[in-house]
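Down below is the structure, laid out as structure tokens.
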2 protein chains.
Amino acid sequence: MDQIVSLCRRRGFVFPSSEIYGGLGSTYDYGHYGVLAKNNIRNRWFEAMVQERDDIVAIDSAIILHPRVWEASGHVEGFTDPLVDCRTCKLRFRADKLEDAQCGRKPSKHPGETPDCDLTEPRQFNLMFETHVGPVQDTASRAFLRPETAQGIFINLKNVLQIARRKPAVGIAQVGKSFRNEITPGNFLFRVREFEQMEMEFFVPPDEAERWYRYWIDERMGWYRRYGLRESKLRVREHSEEERSHYSRGTSDIEYDYPIGWSELEGVANRGDFDLTQHTQFSGTKLEYVGEGGERYVPCVIEPAVSIERILVAMLVDAYDEEIVAERQRTVLRLHPQIAPVKAAILPLVAKDSEMVARARALYEELRLLHMVEYDDGGAIGRRYRRQDEIGTPFAFTIDDQTLADDTITVRDRDSLAQERISLSAAADYLADALARPWQTPKPA
Amino acid sequence: MDQIVSLCRRRGFVFPSSEIYGGLGSTYDYGHYGVLAKNNIRNRWFEAMVQERDDIVAIDSAIILHPRVWEASGHVEGFTDPLVDCRTCKLRFRADKLEDAQCGRKPSKHPGETPDCDLTEPRQFNLMFETHVGPVQDTASRAFLRPETAQGIFINLKNVLQIARRKPAVGIAQVGKSFRNEITPGNFLFRVREFEQMEMEFFVPPDEAERWYRYWIDERMGWYRRYGLRESKLRVREHSEEERSHYSRGTSDIEYDYPIGWSELEGVANRGDFDLTQHTQFSGTKLEYVGEGGERYVPCVIEPAVSIERILVAMLVDAYDEEIVAERQRTVLRLHPQIAPVKAAILPLVAKDSEMVARARALYEELRLLHMVEYDDGGAIGRRYRRQDEIGTPFAFTIDDQTLADDTITVRDRDSLAQERISLSAAADYLADALARPWQTPKPA
């Protein structure tokens, strides 16, 4: 994990946020390659969930919704962690995670382990960030930053059904930031205070719920395989009855074998009719379907929910490789080409050769209209290749002496290190074809 | 404007947020076509600002930054509106906008116009949404939702320069939500409490600032022309000295002639070295450049800043057209094909003809892997065309009797209404070419 964190920092994928001000716990800023990788993950998800289907539509609801939404959803009452205060050191801790915390007086001990510690009884602490809308800070103006995007979907079901002219099963997909005021955040991007969720709520007749729940577990597993995660690092773990949320009739985690061990990558839940029933009751608006025979019913909801951050970490971990090539160590991110931040590097072999530079710039200026590519003339060619390997660029086009003679260039493959010569004028087609082709993962199982 | 709002509602571009709970002032949720249009606007901006240039990199910073950031930037002290309370009706009003407000007792009057009104002296009210990070709600844990994305760029300048291996002029671009606790919001998407900003900070040597300021005004005007906004509806208005923000050495608004009149679409500002100097002072971290000769200096910042919401409204307004065709009214959105939510509709002429349906579905399933397209078999063909016109779909592919005989389909052009027959197997190439081609606006000047 340290290698990943270090690479992310060194190559500008992820920085600790507000670093020049001493940082802000569990908050990260994304640099250039991090943004590009996140954009690719978001776009691939959106393609699979919206563009390539005709039973799912997109929505983008507000982050600050009407506060009654969170009463209906149960978050105001129940989205809490138990906290204890230490009367001696004045710190607060999660009552159920004391073994992970450090005593404020004796950091080598856990809270409660020293006679100094004077812990209160646990109190429930709500994880929603609170704010106030409008000029008066009182109970009436209190509002929350959404802790999940799902509720913004439920409250718009009626609007969507009116317009979408669709019958069940129908899904609504949303991508956007959610916020949780975690007390014991940590572990790099695993538990952060703001994160970008990708959630899809699939509304189905109750008697089809179990089938669709299984369907979505399979679909999402297929998506991870499609984008190259190793089969041996993926598994589905079904929650036990005790482990499930109050609204859940069935939840499975798609887990990834992260360096910290098997951990949730994505959750797929059968939320039943809990949310729609609650919003119907709290809002007085019926959120229901009309069946073929005119009968009305509240649909069940199947929800695949994931954050871009967890996918990003899984893909980086899965792609990270070190190998010895020609007696030198090479670090390479074997990212799926559709996920890689940069699709191709365009490299003039000799940066001071004006003819090579002219051809390289012309190729770069042609390709950048089509794909995210990089022009790089900084340093020896081997150093430039290694830099592109570290950010996972699948192809490098090099313009060399022979280019000036016969208008061919070399293409270097990031994974196999094979080099072939192609016509300079064929580079755009070569890249388009390579990116469209199904990808054979070069990773060991 | 009412027509646009009504179309947005009817066709599922934009809904008032939290509607089933009575709404939440000046907050909107985006439906399917709204999301698709916003994604296109964001992607076109990102292409122009990042992908097609090698002097700008991307970043994505947190929404909740270290609170000292907003002290350094001047927002804690100065990002305020003057408010007055009415001691009689207990409402609050913007002191500088009393003429737009309604008295709480006599809504036909403005506050202060009736003897009942008892207004306090104006007080300054900060427009940043406040929240608290961590389990204790006190001054030390107080934090803010960012009111602009720019500061997240400034505080990361050092990180970016270390990694990007770039010399000035260099830019950093960011897209993301910002929040302002507006007291008198309103006017549809013009003044909303959360909005998606697209900002780029371009760091230049001080003696080049004026030149780059002019350059970016031209560049951004060019972008709006490229995506089809009418020349006659665009203008640049330079702020007078009194009008400028305290940090600004020059600001120009790119204005659009909205139905409410000429109003800001995008702002381009020369922020000078104000922000970097402030952050250097507050953080103790030098944010500077090293020039060619080794001299150190604080660069000046040129900032084009816009929200997706304002672009969306301008593009919808500009594209909206009504005309009489064959004695029937047609409403059409003449959106640039790269902005249009759906690129093509695939329509079987007779929805009950299984051979037409089979061919239409096959074409749809081919095209949806490449573009956002729609399959529509609902209702008479004329009704389907009109529906696609209203959401701005530039092309419709219709599968009819002749298709079954000779494998040709009709292509209908949204703007000219011309229909031509092409080979079914050529549809994918036809669409790719049509989307890549420079667009000739069909709109009158």
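The values are calculated or read from the model by the stated rules, or taken from the named source; none is laboratory data. Only a predicted model underlies this, so the values are computations on that prediction, with no experimental measurement involved. Every residue, glycine as well, gets a Cβ built from its backbone with ideal geometry; the counts of neighbours run over all protein chains shown. All accessible areas refer to the heavy atoms of the entire protein, side chains included, with ligands and DNA or RNA removed. Shrake-Rupley method; radii C 1.70, N 1.55, O 1.52, S 1.80 Å.
A compact table of results
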quantity	calculated
Region B:128-176, relative contact order in percent, only Cα pairs under 8 angstrom and at least six apart counted	31
Listed residues B:W45, A:I59, A:G104: farthest to the positive end of the dipole of the protein assembly as shown (Cβ charges)	A:G104
Per-copy distances of the A:R437 label point, shortest first, in nm (7 angstrom along Cα→Cβ)	3.2
0 to 90° range, to nearest 10: angle between helix A:354-367 axis and chain A longest Cα axis	30
Accessible area in square angstrom per residue, region A:280-378, 1.4 angstrom probe	40
GluC sites (Glu not before Pro) within region B:187-216, DSSP loop, no more than 15 other Cβ atoms inside 10 Å	none
Label-point separation in nm, B:V357 to B:A434, each point 7 Å along Cα→Cβ	2.5
Solvent-accessible area, 1.4 Å probe, carbon plus sulfur percent, for region B:134-278	44
Shortest-first nm distances, A:R214 label point to equivalent points in other copies (7 Å, Cα→Cβ)	7.1
Computed label-point distance, nm, for sites B:E208 and B:Q281 using a 7 Å Cα→Cβ extension	2.7
Helix B:308-319 axis, angle to chain B major axis (alpha carbon atoms, nearest 10°)	40
Sequence-distant lysines (8 or more away, or on other chains) whose Cα lies within less than 17 Å of B:K158	B:K167, B:K286
Charge dipole (debye, nearest 20) of region A:25-112; +1 at Cβ of Lys and Arg, -1 at Cβ of Asp and Glu	780
Estimated [θ] at 222 nm from DSSP helical runs (n ≥ 4, -39500 (n - 2.57)) normalised by residues in the protein assembly as shown, nearest 500	-8500 deg cm²/dmol
Where trypsin sites (Lys or Arg not before Pro) fall in DSSP loop in region A:254-357, at most 11 other Cβ within 10 Å	A:K352
Sulfur and carbon atoms: percent of accessible area, region A:1-120 [1.4 Å]	45
Chain B: relative contact order as a whole-number percent, Cα under 8 Å and 6+ apart	13
Dipole of the protein assembly as shown, positive direction: furthest Cα of A:L404, B:Y320, A:P16, with charges on the beta-carbon	A:P16
Region A:262-308: C-alpha gyration tensor shape, a/c 1.5 cut-off, then a/b vs b/c	prolate
Distance from region A:394-435 to region A:106-158 (C-alpha centre basis), Å	54
Per residue value of the accessible surface for region A:85-216 (all protein chains in place, 1.4 Å probe), Å²	43
Region B:320-364 - Rg (one decimal) and Dmax (whole number), Cα, Å	14.7, 36
Alpha-carbon centroids, region A:256-281 and region A:317-335: separation in whole Å	35
Unit charges on C-beta of K, R, D, E only; dipole of the protein assembly as shown, Debye	700
Residues in region A:44-61 occluded by at least 40 Å² - accessible area, probe radius 1.4 Å, against chain by itself	A:F46, A:Q51, A:E52, A:D54, A:A58, A:D60
Projected area, mean over directions - the protein assembly as shown, Cα convex hull, nm²	42.2
Calculated FRET efficiency for the pair B:R10/B:L417, C-beta based, R₀ 22 Å, to 0.05	0.50
1.4 Å probe, heavy atoms, protein only - residues of region A:340-381 losing at least 30 Å² accessible area vs chain alone	A:Y364, A:R368, A:L369, A:M372
Using a 7 Å Cα-to-Cβ projection, B:S425 label spacings across copies, nm, ascending	2.5
Stokes-Einstein translational diffusion, chain A - Kirkwood Rh over all Cα pairs, 1.002 mPa s, 20 °C, in µm²/s	86
Interface residues, region A:125-141 - accessible area loss of 40 Å² or more versus chain alone, probe 1.4 Å	A:F129, A:E130, A:T131, A:V133, A:G134, A:P135
Closest approach to the B/A rotation axis among chain B Cβ atoms, residue and whole-Å value	B:T131, 2
Test item: Cα-centred dipole of chain B, Lys/Arg +1 and Asp/Glu -1 on Cβ, debye	660
Chain pair A, B: total accessible area buried, heavy atoms, 1.4 Å probe, Å²	6700
Kirkwood hydrodynamic radius of region B:171-299, from inverse mean 1/r over distinct Cα pairs, in Å	16.9
FRET E, pair B:Q402, B:R142, Förster distance 51 Å, beta-carbon r, rounded to 0.05	0.15
Compactness of region B:1-106 - radius of gyration and Dmax, Cα, Å	20.3, 60
